């Protein structure tokens, strides 16, 4: 028989309190870890959603815009090679970067130019950029196209849509009227011109509809549609 002094008692309440505290601390640590994982996954998902939205906006908006009137080179006499029916030998579409837009690489490896009219459709007529210098007129640009190397420019060999015979195949070039450097990238502040030369069978006639579409590697394409007016002059304002 064990004797116990009067006034003393055995109690385990202190030990139980420590154990409860340890268990509570463990629960807090686990909850904190789970909360961190959940928050981290939430931040990651939000960041991916933000990136996707920004990328979608970039793809849906075009960095290119028309920067002036579209003009054409009209052929109105049989001496000019169009017989009795007036037609267009070439058209010019001035372009630039939109305000705050990104630069656009217009090299032939990253850009396509689509052409449609009442009678023909071409998925890509782009011969390439002419960026070695500034050209102040469509005629000078086509003169330079005749000297460019590469088979894509063969349509202009000894042919000139403005002053001579039309191109042997329907082709487009892009040249710079205002440039900061001589690469094939159109930067903000620069001005370029998309020039389309038509072969004889493809030449648009009065009241035909023509449409060109510049399709860059990134961003939305730039599409321009015009109706050819009644052709009476060598220089045609297409609006």
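Assorted remarks:
- Mean Cα-pair separation over length for segment 97-234, i.e. relative contact order, pairs under 8 Å, 6 or more apart, %: 28 percent
- Taking a ≥ b ≥ c as the square roots of the eigenvalues of the alpha-carbon gyration tensor, segment 64-237 is classed prolate because a/c is 1.5 or more and a/b outweighs b/c.
- Fewest-first ranking of 147, 71, using other Cβ atoms within 10 Å as the exposure measure: 147, 71
- What the Cβ-Cβ distance of residue 119 and residue 77 gives, at R0 = 25 Å and to the nearest 0.05, is a FRET efficiency of 0.65.
- Fewest neighbouring Cβ atoms within 10 Å first, the residues 215, 210 line up as 215, 210.
Read-outs throughout are calculated quantities, based only on the coordinates presented, and are distinct from any laboratory measurement. Predicted model, so just to flag it, every value in this text is computed and none were measured. Counting neighbours? That spans all protein chains shown, and the Cβs are built from the backbone with ideal geometry, glycine included.
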